[in-house]
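S.K.: There's a structure below that I have some questions on.
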Amino acid sequence: MIHAPAFCCDDRDPDALPADVALQRILTAISPIADTETETLPLLQVLDRILSVNISATMNVPAHNNSAMDGYAVNAGDLPADGIRELRVIGSSFAGHPFSGACLRGECIRIMTGAMLPKGLDTVIPQEHVEVLDESSIRLDSRTRPGDNVRHAGEDIHQGQIVLKRGRRIRAADLGLLASLGLTEVSVIRRLRVAFFSTGDELRSIGQTLQEGEIYDSNRYTLHAMLLHQHCLITDMGVVRDDPHALRSALQTAAIDHDIIITSGGVSVGAADYVRQVLSELGNINFWKIASKPGRPLTFGKIGNAWFFGLPGNPVAVMVSFFQLLIPALQHLAAETPTQPLTLMATTTSALKKKAGRTEYQRGILSQAEDGSLIVSKTGNQGSGILLSMSLANCFIILPDADTHIAAGDKVMVQAFNGWM
Ligand code: AMP
Ligand code: MG
């Protein structure tokens, strides 16, 4: 095959998969973990876990008609069409202490917010709209309409309704919903087990002294944080040298009881980049290059039962690849209903440059202009090793393959970090 020669503004690489194709390849290769891999936990332990079953309501919430206001519960037939009417107050209903008697026409009861409405009463008059004559009589006018200020049984949730679906990541409101149904325990999918390590002879861990030419390993810390945001069980395997034997042994160990292995570094074409070679010996490679910046050299494959993601070494590339590819992969594997990061159009206040033939994920700060419109500016130097550009950012500016120059004032697509980084 003959390929057109690349020129200065073009970065087409026939071996590199378009970013969206790479993601599809990952999602097609990976099947969600089995339905049976679940655990049943007390309600307070299921926050951020994934539901393994649909939850349907075994009762109405609220269970009874009750008052939405402090006031007087009346029969709608006693409301005056106009003018004033006097009613007899024959009792009271407090939340948790219902009125046990029966009300005849012309009678009403004092009622508090959340208190059960007695049989036969269907309307609540706010106490501010009532003239209290004495302990047993009130006067009301025609402001209140039949049925006002009543919360009906089942209006939040009706019995039999599916309130939360399998695959749902349980959030604060969900925990409250589950409690309102009286559930004490919930069945959730087991957490994913993820092993990760850094590769590179130049890397030292924090707490060690740097020799000439060495740097501190930062990727393991960003990966640690991002994996915890995804609620994975993590195994930090430290730094592995640029040595095929050491790599082989680390990957074999990691593959034993993990769903996913993530490495950083050593996936490019340098003389000390052994990851791809070792992966091809131990397992298989699905692809190893993506038409994106950052994150071009990225090896995806499998070792035994573990999915393998060999991320590039550059610190920004690690974070971009994790966000764009690993989060969807983790959600898919964990049988989670996928959640898309919020994607918006904004006006760029910075001129942006890129090469054609690759998707770029530049780092931006999204905010609102005085007129309320969305604007985005880039976070300085966009080199793949400049971690500060990530630290300052709250979104990616996604520049599609074909674009080259984007002028200040142009509209661009931005993707909010979604609390994932
Ligand atoms: P590599 O992909 O191994 O060629 O690494 C690309 C660049 O990222 C090099 O400058 C590495 O020193 C740097 N790098 C690799 N791994 C890490 C790491 N864990 N923390 C910080 N920088 C790294
Ligand atoms: Mg390296």
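S.K.: Can you name the condition, by its number, that Val74 falls short on among (1) in contact (Cβ under 8 Å) with a residue 60 or more places away in the chain; (2) aliphatic (A, V, I, L, M); (3) under 30 Å from Gln230 (Cα atoms)?
M.R.: All conditions pass for Val74, except number (3).
S.K.: Is it the case that the range 264-274 has a residue that's away from ligand 1 (no atom under 11 Å from the Cβ) and not hydroxyl-bearing (Ser, Thr, Tyr)?
M.R.: We begin by selecting, within the range 264-274, every residue away from ligand 1 (no atom under 11 Å from the Cβ); these are none.
The answer is no, given that none of the residues of the range 264-274 is away from ligand 1 (no atom under 11 Å from the Cβ) and not hydroxyl-bearing (Ser, Thr, Tyr).
For every residue, the table says whether it meets (1) surrounded by 17 or more Cβ atoms within 10 Å (Cβ to Cβ); (2) over 30 Å from Gly114 (Cβ atoms); (3) modelled with pLDDT of 95 or more; (4) touching a Phe, Trp or Tyr at 6+ places or on another chain (Cβ under 9 Å).
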position: Pro42; (1), (2), (3), (4): no, no, yes, no
position: Val46; (1), (2), (3), (4): yes, no, yes, no
position: Asn54; (1), (2), (3), (4): no, no, yes, no
position: Asn66; (1), (2), (3), (4): yes, no, yes, no
position: Ala73; (1), (2), (3), (4): yes, no, yes, yes
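S.K.: Among the residues of the range 297-304, is any of a type in the set (Phe, Trp, Tyr), within 16 Å of ligand 2 (Cβ to nearest atom) and closer than 20 Å to Asp13 by Cβ?
M.R.: no
S.K.: Among the residues of the range 239-252 satisfying the criterion of being touching a residue at least 24 places away in the same chain (Cβ under 8 Å) and more than 15 Å from ligand 2 (Cβ to nearest atom), which is nearest to Val320 (Cα to Cα)?
M.R.: The selected residue is Leu251.
S.K.: Restricting the search to the range 256-274, which residues are of a type in the set (A, V, I, L, M, F, W, C) and either within 9 Å of ligand 2 (Cβ to nearest atom) or in a strand (DSSP E or B) (or both)?
M.R.: Ile260, Ile261, Ile262, Val267, Ala272
S.K.: Now for a different question. Find the strands (runs of 3 or more DSSP E) located wholly in the range 132-207 whose residues include 2 or more that are touching a residue at least 12 places away in the same chain (Cβ under 8 Å) and closer than 29 Å to Phe308 by Cβ, and list them.
M.R.: Once the strands (runs of 3 or more DSSP E) in the range 132-207 are filtered for at least 2 residues that are touching a residue at least 12 places away in the same chain (Cβ under 8 Å) and closer than 29 Å to Phe308 by Cβ, what remains is 185-189, 193-199.
Table: residues versus (1) under 20 Å from Ala19 (Cα atoms); (2) free of Cβ contacts under 8 Å to residues at least 60 places away in the same chain.
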{"site": "Thr348", "(1), (2)": "no, no"}
{"site": "Ala356", "(1), (2)": "yes, no"}
{"site": "Glu360", "(1), (2)": "yes, no"}
{"site": "Asn381", "(1), (2)": "no, yes"}
{"site": "Ser384", "(1), (2)": "yes, no"}
{"site": "Pro400", "(1), (2)": "yes, yes"}
{"site": "Ala408", "(1), (2)": "no, no"}
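The values are calculated or read from the model by the stated rules, or taken from the named source; none is laboratory data. Predicted model, so just to flag it, every value in this text is computed and none were measured. Because the Cβ atoms are built from the backbone with ideal geometry, glycine has one as well, and the counts that use them run over all protein chains shown.
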